[in-house]
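Trainee: Next up is a structure, given as structure tokens.
Derivation of every value follows stated rules applied to the coordinates shown; laboratory data play no part. From a predicted model like this one, the values you see are computed outputs, not experimental measurements. Counting neighbours? That spans all protein chains shown, and the Cβs are built from the backbone with ideal geometry, glycine included.
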Amino acid sequence: MSRLFEMPTHFLPIILSSPSGAGKTTLTRLLLERCPELRFSVSHTTRTPRPNEVNGKDYHFTGRDAFEQLVADGAFLEWAEVHGNLYGTALSEITRTLGIPECRGLIFDIDYQGARQIRAKVTDVVTMFILPPSMAELERRLRSRASETEEALQRRFAMAKKEIEHYALFDYLILNDDLDRAFDELRSIVVAEQARRTRRAFLAESLLRTGHLAPLPLPQ
């Protein structure tokens, strides 16, 4: 299969995935706060905004008809239906981010369906799945939100088990039994991947040829 996006060698595409309630949103927020070189990929969704969610920052909230038209137009890198709502990553999110000179990577907050699609289309993507400490704790966290009906909560809990079954799609598994420790693991993975030889080979070659470090490649 030909790949849709050849990422610049220095650029780090990151997929973070987890069942609802495992702490993915909190860990993503911490990573963005402490890694200013990274950006967040804002997905489109047809679901209703939650309290304090901002259109264009947390999600691009879109009507179903408009979303389906974007699908028909080929506007999405990946999309899927989750919990009865449509979610998708627009191709423009990657091209927009590659145009930011100080940006060194992009975080995708998506489920296993989106992760599979992006791995088929984007080069050198790093995938991480966040595990809850137990299924009982996961259910407790879901109930603590007090924002859904019992029926909706049970659907989310059943989907969580299905999502965990797809753990083998991911490069790394992070256990979120303690937030600080889980974030240390997440940050360590990002630092190690940023230092991978394939992402920094151009620096070594520049030193050998010119004696100086090369500037980062300009976006195409």
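Trainee: If I fit a long axis through the Cα atoms of helix 24-34 and take the longest principal axis of the Cα atoms of the chain, what angle between them do I get, 0 to 90°, rounded to 10?
Mentor: 30
Trainee: So what's the chain giving for Rg/Rh, alpha carbon basis, Kirkwood Rh from the mean inverse pair distance? Before the final figure, lay out each step's value.
Mentor: Details: Rg = 18.4 Å, Rh = 18.6 Å.
Ratio of gyration radius to Kirkwood radius: 0.99.
Trainee: Additional query: When DSSP assigns beta bridges and you keep just the ones with both residues in the chain, what percent turn out antiparallel, to the nearest 5?
Mentor: The antiparallel proportion sits near 30 percent.
Trainee: To the nearest 0.05, how large is the calculated FRET efficiency for Ala136 and His83 if R₀ is 25 Å and r is the Cβ-Cβ distance?
Mentor: Plugging the Cβ-Cβ distance into 1/(1 + (r/R0)^6) gives 0.75.
Trainee: Let me ask another. Based only on the alpha carbon positions, what is the Kirkwood hydrodynamic radius of segment 1-42, in angstrom?
Mentor: 12.4
Trainee: Still on this structure: Among Met159, Val122, Ser41, which residue has its Cα positioned farthest towards the positive end of the charge dipole of segment 12-210, with +1 placed on the Cβ of Lys and Arg, -1 on the Cβ of Asp and Glu, and the dipole taken about the Cα centre?
Mentor: Result: Val122, furthest along the dipole toward the positive end.
Trainee: About the Cα centre of the chain, what is the dipole size in debye to 20, counting +1 per Lys and Arg Cβ and -1 per Asp and Glu Cβ, all else neutral?
Mentor: I would put it at about 360 debye.
Trainee: Determine one quarter of the surface area of the Cα convex hull of segment 124-220, which equals its mean projected area, and express it in nm² to one decimal.
Mentor: For the Cα atoms of segment 124-220, the hull's average projected area reads 9.6 nm².
Trainee: Once the Cβ-Cβ distance between Glu33 and His166 is put in as r, and R0 is 35 Å, what FRET efficiency do you end up with, to the nearest 0.05?
Mentor: Efficiency computed from Cβ-Cβ geometry: 0.80.
Trainee: Could you calculate the contour length gain from Ala192 to Glu6, that is, 0.36 nm times the residue separation minus the distance between their Cα atoms, to one decimal place in nm?
Mentor: 64.9 nm
Trainee: Using helices alone, I'd like the mean residue ellipticity at 222 nm for the chain: each DSSP H run of four-plus residues gives -39500 (n - 2.57), total over residue count, nearest 500.
Mentor: Result for the chain, helices only: -13000 deg cm²/dmol.
Trainee: Considering the chain as a Gaussian network with a 10 Å cut-off on Cα pairs, which listed residue, Pro132, Pro13, Pro36, attains the greatest mean-square fluctuation?
Mentor: Between Pro132, Pro13, Pro36, it is Pro36 that shows the largest mean-square fluctuation.
Trainee: Take each of the peptides 83-89, 61-67, 125-131, average the number of other beta-carbon atoms within 10 Å over its residues, and list them starting from the highest.
Mentor: Peptide ranking by packing, descending: 125-131, 83-89, 61-67.
Trainee: I would also like to ask the following. For the Cα atoms of the chain, what angle does the longest principal axis make with the long axis of helix 112-121, in degrees from 0 to 90, nearest 10?
Mentor: Here the helix axis deviates by roughly 30 degrees.
Trainee: Taking the chain as a Gaussian network, where each spring joins two C-alpha atoms under 10 Å apart, which residue of Val190, Val54, Val122 fluctuates the most?
Mentor: Among Val190, Val54, Val122, the largest mean-square fluctuation in the Gaussian network model of the chain belongs to Val54.
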